[in-house]
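No value in this document is a laboratory result; all are computed from the given coordinates. Quick caveat, the model's predicted, so the values are computed rather than measured. Reconstructed Cβ throughout: ideal geometry from the backbone, glycine too, with neighbour counts over all protein chains shown.
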Amino acid sequence: MKTLCIRHDKGQRIPVFIFLLALFVAFVPSYSHAQEATAVSFSSTDGIRLKGYLFGSGKTGVILTHMFPTDQKSWFEFAKKLANEGYTAMTFDFRGYGESGGSKEISQIDRDLEGAYLYLKPKAQKIFLVGASMGGTASVRVASRQPVAGVVCISGPVSFRGLDAQDAIGEIKAPSLFMATEEDGGGRFSVSARDLHQKAQGKKDLLILSGSAHGTFLFQSPHKEQVEKKILEFLKNP
């Protein structure tokens, strides 16, 4: 019986089943990462049922919040890295996204993050909030009213679709780190990062990078290693 094959550009023949297997592995990295985590379910502070995952089992928790319009899968790779570094990393889908219930109400997603914080609090000695874009704005809001170990805001707008950090930023007691690229959104997000950094109280840091990568897309950019190193350094010594 003949085996169906495909030629690649060097003229070698590859069995079709091997080719399809390679495609499968290439396009399901998020699924494989999720298989290494524990699925969790919890409620927002206004009763919306949300779904997420826990990676690792360290005493320090790190809650990773996604940007618009992605979902928690955008954080899986970094969550696994945090787990390998000894942290408990938590991802979840905001209301109306991915596996979570409810509808997309961006003005209310800080209630989702606060629900995640309250869920993780009994399991961790301290908790950091790390958010991308709208997740960063939500992180600022929650950090202003909950005792967190630190907050990282990546490409977080001061205000987005009713979610506003303008009044909350001055209330944060914890150390903070703000990151953005210079040209993202025509410069809007670097302006927001500088504005939030200026108004933050206490220990704070600001990193403005070249280019236009937004939020978790920074982890797919040439700045990937620098961004990961900066966040890890902040978690160890906020």
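General observations
- Mean ellipticity per residue at 222 nm, deg cm²/dmol - from DSSP H runs of n ≥ 4 across the chain, formula -39500 (n - 2.57): -9500 deg cm²/dmol
- Only Cα pairs under 8 Å and 6+ residues apart enter the sum, and on that basis the relative contact order of the range 144-238 stands at 29 percent.
- Label point of residue 126 set 7 angstrom out along Cα-Cβ; within the range 34-76, amide nitrogens under 19 Å from it belong to 57-64.
- Computed 3J(HN,Hα) for the range 140-148, one whole-Hz value per residue from the Karplus formula 6.51 cos²θ - 1.76 cosθ + 1.60 where θ = phi - 60°, is 4, 4, 5, 5, 7, 10, 10, x, 9, glycine and proline marked x.
- Across the options 169, 213, 144, the greatest Cα extent toward the positive end of the charge dipole of the range 108-238 (unit charges at beta carbon of Lys, Arg, Asp, Glu) belongs to 144.
- Cβ-to-Cβ counts within 10 Å put 141, 49 in ascending order as 49, 141, the fewest first.
- Net charge dipole size for the chain [Lys, Arg +1 and Asp, Glu -1 on Cβ; Debye, nearest 20]: 560
- With contacts taken as Cα pairs under 8 Å at a separation of at least 6 residues, the chain carries a relative contact order of 14 percent.
- Entries of 59/204; 73/126; 59/81; 104/126; 73/204; 51/203 with Cα pairs more than 26 Å apart: 104/126; 73/204; 51/203
- Residue exposure sequence - 40, 152 - by fewest surrounding Cβ within 10 Å: 40, 152
- Cα gyration tensor shape of the range 36-236, rounded if a/c is under 1.5, else prolate or oblate by comparing a/b with b/c: rounded
- The range 57-121: C-alpha gyration tensor shape, a/c 1.5 cut-off, then a/b vs b/c: oblate
- Net charge contributed by nearby residues that have their C-beta within less than 10 Å of residue 161 (K/R +1, D/E -1): -1
- With K and R counted +1 and D and E -1, the other residues having a Cβ less than 15 Å from that of residue 96 yield a net charge of -1.
- Computed from the C-alpha gyration tensor, the three semi-axes of the ellipsoid equivalent to the range 145-236 are 21, 17, 10 Å, from longest to shortest.
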